[in-house]
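The values are calculated or read from the model by the stated rules, or taken from the named source; none is laboratory data. Because the structure is predicted, anything quoted here is derived from the model rather than measured. Positions of Cβ are backbone-derived with ideal geometry, glycine not excepted, and every protein chain shown enters the neighbour counts.
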Amino acid sequence: MLTPADRQLVADQIARIDAGTSEHWLHLWPEHIDRPDLIARLHTYATLTETTGRYADYLAQNPGHPVPAMMVLLLDDTRRQHHELSQLIVHGRGLLDIERVLLATTVEHLSLGGALPELLLVDEQSKAAVDRARHHDRVETLCQAVDTQLTGDLARAGVPIDRGGERGRELTGIDRSLLDAQNAARDLAHTRRDPDHAHRRFDRAAHVMDQHLAQHNAAEPVRAHIDVLLTHLRDTAADLGHGRRARMNRWQDRLAAAVYHRDQHAGRHTIGAAIDPLLPDSTTQHREPDITGPDPQEPPPSPPNTPGPEP
């Protein structure tokens, strides 16, 4: 949280930019850790350790093979980054004690061939970022599962599927309407506002697909089966979106509560300016933080697991 002195520092820098004496933002707190930059460096270090680990495994299985020069450079870079990250975690300002322990353990875990954990920092924004990433993965898994089953069922029913877009050609017909339906489903799952527009887009795409199926003389059972799959995609995406919006509001409430307690401690009693004005007004009201965090998410339901109709 910014102290009054921190806020004045920011205000002074804005004034310098407005006056033309400074063209860009300076690193106003050079002794503090840049948290997003630290996360990016950890991801880079994880990639390095994975690469050098594969090299080491190969050399262990081929003891007579010379060590490539690239391997030497990668090892040097890995050791350098290990040292820099360790020093930054120990001496940099702006980390909680629990974060220092977690990050130091993570660096050592990576150096031994381990994987990078999802959550690296314990602030509410970092937790919310993990939630966003998980939600995105669930939506993509849903779209891919429906795409795989739908195209497979159409192929078995003798309905032509031409993924022309994968070879640089424009998608048309069934492929175009399927892509439109998938994009509308993504909007249903990700939108922060009223999902009705995405819902109507999806229904239009599904209607167009049914028209294309009729043009290809697809049997009525085939069209009915495709409608079941698309309905599953639409309804599941809508459910995911509803849960996502509810969790976003809970995360925002927790951030609002943290700002409220900070301002109370500093003798200020308003937090309205600190809250994203794009979110519903209810999120600007003080509530105690939900210590349980967002509800754990179950995997998205699979598409109806019924064999496609015979042609």
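Search region 87-106 for residues that are under 16 Å from Ser126 (Cα atoms) and pair each with any residue that is basic (Lys, Arg) and in a helix (DSSP H, G or I) when their beta-carbon atoms are under 9 Å apart and the residues are at least 6 apart or on different chains.
Hits for this filter: Gly94/Arg35; Leu95/Arg35.
Gly173 is checked against (1) surrounded by fewer than 16 Cβ atoms within 10 Å (Cβ to Cβ); (2) at pLDDT below 90 and fails just one. What number does that condition carry?
With (1) surrounded by fewer than 16 Cβ atoms within 10 Å (Cβ to Cβ); (2) at pLDDT below 90 applied to Gly173, the lone miss is (1).
Taking only pairs six or more apart or across chains, which ones have beta-carbon atoms under 8 Å, a first residue in region 68-81 that is free of Cβ contacts under 8 Å to residues at least 60 places away in the same chain and exposed (fewer than 15 other Cβ atoms within 10 Å of the Cβ), and a second residue that is of a type in the set (Ser, Thr, Tyr) and assigned to a helix (DSSP H, G or I)?
Pro68/Tyr55
For region 53-166, list the helices (runs of 4 or more DSSP H) that sit wholly inside it and hold at least 1 residues that are outside the structural domain of Asp37 (by the TED database); which are they?
Helices (runs of 4 or more DSSP H) meeting the threshold: 124-156.
Considering Leu48, Leu110, Leu103, Leu59, which residue is under 30 Å from Ala258 (Cα atoms) and surrounded by 14 or more Cβ atoms within 10 Å (Cβ to Cβ)?
Values: Leu48 fails: under 30 Å from Ala258 (Cα atoms); Leu110 fails: under 30 Å from Ala258 (Cα atoms); Leu59 fails: under 30 Å from Ala258 (Cα atoms).
Of the residues listed, the single one that is under 30 Å from Ala258 (Cα atoms) and surrounded by 14 or more Cβ atoms within 10 Å (Cβ to Cβ) is Leu103.
What are the residue pairs meeting all of these: first residue in region 233-247, first residue touching a residue at least 12 places away in the same chain (Cβ under 8 Å), second residue aromatic (Phe, Trp, Tyr) and crowded, with 18+ Cβ neighbours inside 10 Å, Cβ atoms under 7 Å, and 6 or more apart or on different chains?
What qualifies is Arg234/Phe202.
Name the residues in region 156-170 that are farther than 29 Å from Gly241 by Cβ and either small (Gly, Ala, Ser) or at pLDDT 90 or above (or both), would you?
Hits for region 156-170 are Ala157, Gly158, Gly164, Gly168.
Residues checked against (1) out of contact with any Pro (no Cβ under 7 Å at 6 or more places or on another chain); (2) polar (S, T, N, Q); (3) surrounded by fewer than 22 Cβ atoms within 10 Å (Cβ to Cβ):
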residue: Ala189; (1), (2), (3): yes, no, no
residue: Asp196; (1), (2), (3): yes, no, yes
residue: Phe202; (1), (2), (3): yes, no, no
residue: Asp210; (1), (2), (3): yes, no, yes
residue: Asn217; (1), (2), (3): yes, yes, yes
residue: Val222; (1), (2), (3): no, no, no
residue: Asp227; (1), (2), (3): yes, no, yes
residue: Ala237; (1), (2), (3): yes, no, no
residue: Gly243; (1), (2), (3): yes, no, yes
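Scan region 74-113 for residues that are small (Gly, Ala, Ser), modelled with pLDDT under 90 and closer than 26 Å to Asp131 by Cα and report the count.
2
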